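Read the figures in this text as sums done on the coordinates, not as results from a lab. Only a predicted model underlies this, so the values are computations on that prediction, with no experimental measurement involved. Here the Cβ positions follow ideal geometry from the backbone for every residue, glycine too, while neighbour counts run over all protein chains shown.
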């Protein structure tokens with residue numbers, strides 16, 4: 001992997017892990033969903049909206065499942 005791509009991936013993974021470390025002990029499900037959303041944002045970078053669009057398409061077509069961004073703590 002080229003150095004720039006490797007460092008970009010390492011940066012995204014580090015960002016996602018930081019979210020898990022900082023907020024992972026929260027108990028409420030709506031906060032946990034927010035944590036997952038923030039981790040996905042860190043991992044996808046500028047492609048977050050496309051990722052959500054693909055997620056929402058689901059197995060049964062468009063909007064057959066909907067991404068839930070949760071509630072910030």
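Only DSSP H runs of four or more residues enter the estimate; each adds -39500 (n - 2.57), and after division by the residues of the chain the mean residue ellipticity at 222 nm equals -21500 deg cm²/dmol. Across the chain, the relative contact order, built from alpha-carbon pairs under 8 Å that are at least six residues apart, equals 32 percent.
Between residue 55 and residue 4, the FRET efficiency estimated from the beta carbon spacing at R0 = 35 angstrom works out to 0.80.
The candidate values are (1) -0.80, -1.05; (2) -0.58, -0.84; (3) -0.65, -0.89; the one derived from this structure for log10 I(q)/I(0) by the Debye sum over Cα atoms at q = 0.16, 0.20 Å⁻¹ carries the label (3).
Each label point was placed 7 Å from the Cα along the Cα-to-Cβ direction; for residue 28 and residue 48 their separation is 2.0 nm. This ranking places 53, 32 by how few other beta-carbon atoms lie within 10 Å of each, fewest first, which gives 53, 32.
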